[in-house]
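Asks: Structure below; questions to follow.
The values are calculated or read from the model by the stated rules, or taken from the named source; none is laboratory data. The structure presented is a predicted model; accordingly, all values stated were derived computationally and were not measured. Heads up, the Cβs are rebuilt from the backbone with ideal geometry, glycines too, and the neighbour counts pull from every protein chain shown. For accessibility, only protein heavy atoms count, side chains too; no ligands or nucleic acids. Shrake-Rupley method; radii C 1.70, N 1.55, O 1.52, S 1.80 Å.
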Amino acid sequence: MSEHHRVAIVTGAARGIGAATALRLARDGRAVAVLDLDEAAAKASADAVTAEGGTAIAVAADVSDAGAVQAAVDRVAAELGPPTVLVNNAGITRDNLLFRMSEQDWDSVMGVHLKGAFLMSRAAQRHMVDAGWGRIVTVSSTSALGKRGQANYAAAKAGLQGFTKTLAFELGRFGITANCVAPGFVVTEMTRATAERIGTPWEDYLQQRADAIPVRRAGAGEDIAHAVSFLTDERSGFVSGQVLYVAGGPHT
Ligand code: NAP
């Protein structure tokens with residue numbers, strides 16, 4: 001693997017899908033910057049990588065803050081080398097039916113998902129262009145197809161697909177691919193919080209959701225990490241502008 005190809009940034013990697021992805025990319029041979037809001041939580045994910053012999057650093061940043069993003073990307077470049085793999089994974093939900101959705105619910109979801117992916121991609125692409133190689137994977141969702149109670153989140157996740165296809169057009173000539181992974185139901189703190197919010201005991205919620213998935217199980221962070229690993233692989237350079245649904249079926 002070329003020296004230029006080895007540094008990855010995974011946002012929102014303190015836990016859940018991001019933590020599993022950071023570990024997987026490290027196992028693929030990448031040095032990984034575990035970026036998250038909380039440095040102590042990010043450090044726990046980075047420690048999981050170093051405990052098995054990988055290279056990782058924890059970087060605290062809010063992806064919706066332009067100054068923090070630039071400082072974080074600069075720090076990664078200085079400490080690990082130019083980041084040429086970026087996984088835009090950080091995300092939040094602020095679910096509510098439209099008539100109850102506040103402007104704050106709307107703005108914060110747009111800020112983390114859409115603006116966050118924009119700021120991170122803009123800051124990282126310079127290193128990828130310089131290297132003549134790069135991989136950007138952005139985590140969308142089956143909710144991009146529409147989901148009750150998620151007008152903000154669905155709009156953001158659908159927006160990320162348009163954003164990604166545009167990056168594929170603009171950056172392809174520099175050896176950079178841009179793709180989305182769109183997970184279905186994955187067991188993380190995000191989905192546990194959803195069960196709590198709607199007042200359904202976790203085990204019941206998990207069973208209901210799994211029963212509705214063609215492969216009859218919920219997803220794990222590793223399922224999504226595996227798709228990210230494929231899209232960031234050296235050999236995946238002819239796959240760009242795609243949305244890979246990883247949902248145990250075509251529409252869950
Ligand atoms: P999670 O367990 O809630 O983890 C998300 C991580 O992102 C948290 O560590 C969180 O930090 C961090 N984060 C939130 N806002 C941030 C910000 N502004 N800057 C930096 N980091 C931030 O969620 P997950 O389920 O792993 O979700 C990961 C991604 O997959 C998200 O984009 C989500 O929308 C998407 N997704 C998840 C599912 C699912 O079923 N779980 C399905 C489809 C798509 P804090 O803990 O400090 O807030």
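Asks: Output the relative contact order of the chain, whole-number percent, from Cα pairs under 8 angstrom with separation of 6+ residues.
Replies: RCO, the chain: 19 percent.
Asks: While we're looking at this one, here's another question. Could you tell me the distance between the Cα centroids of the range 190-246 and the range 83-129, to the nearest Å?
Replies: 18
Asks: Take the chain, connect every pair of alpha-carbon atoms lying under 10 Å apart with a spring to form a Gaussian network, then pick out the residue of Q104, Q70, Q161 with the largest mean-square fluctuation.
Replies: In the Gaussian network model the winner is Q104.
Asks: Ranked from highest to lowest mean number of other Cβ atoms within 10 Å per residue, what is the order of the peptides 232-245, 127-140?
Replies: 127-140, 232-245
Asks: Now for a separate question. Considering only A42, A220, A178, give the residue with the highest GNM mean-square fluctuation for the chain, with springs between Cα atoms whenever their separation is below 10 Å.
Replies: Result: A220 has the largest fluctuation of those listed.
Asks: Using a Cα-Cα cut-off of under 17 Å, which aspartates and glutamates could be cross-linked to K147, ignoring same-chain neighbours fewer than 8 residues away?
Replies: Reachable aspartates and glutamates: D95, D105.
Asks: Let me ask something else. Between D233 and R197, what is the label-point separation in nm under the 7 Å Cα-to-beta-carbon projection?
Replies: Output for this residue pair reads 3.5 nm.
Asks: Here's a follow-up. Between V215 and A40, what length in nm is gained on full extension when 0.36 nm per residue of separation is reduced by their alpha carbon distance?
Replies: That pair, V215 and A40, stretches by 59.4 nm at full extension.
Asks: At 1.306 mPa s and 10 °C, plugging the Kirkwood radius over alpha-carbon pairs of the chain into Stokes-Einstein gives what diffusion coefficient in µm²/s?
Replies: After rounding, the answer is 88 µm²/s.
Asks: Can you order the peptides 200-206, 45-51 by their average number of other Cβ atoms within 10 Å per residue, highest first?
Replies: Output ranking for 200-206, 45-51: 45-51, 200-206.
Asks: Where the only charges are on Cβ atoms (+1 Lys, Arg; -1 Asp, Glu), what is the dipole of the range 127-252 about its Cα centre, to the nearest 20 debye?
Replies: It comes to approximately 360 debye.
Asks: Run the simple label-point estimate for N96 and K147 please: 7 Å along Cα→C-beta, distance reported in nm.
Replies: Spacing of the two 7 Å Cα→Cβ label points: 1.8 nm.
Asks: With +1 assigned to the C-beta of every Lys and Arg and -1 to the C-beta of every Asp and Glu, and no other charges, what is the dipole magnitude of the range 1-112 about the Cα centre in debye, to the nearest 20?
Replies: So the dipole magnitude of the range 1-112 works out to roughly 380 debye.
Asks: Mind checking the per residue accessible area of the range 175-252 for me, 1.4 Å probe, whole number of Å²?
Replies: Ligands and nucleic acids excluded, the result is 53 Å² per residue.
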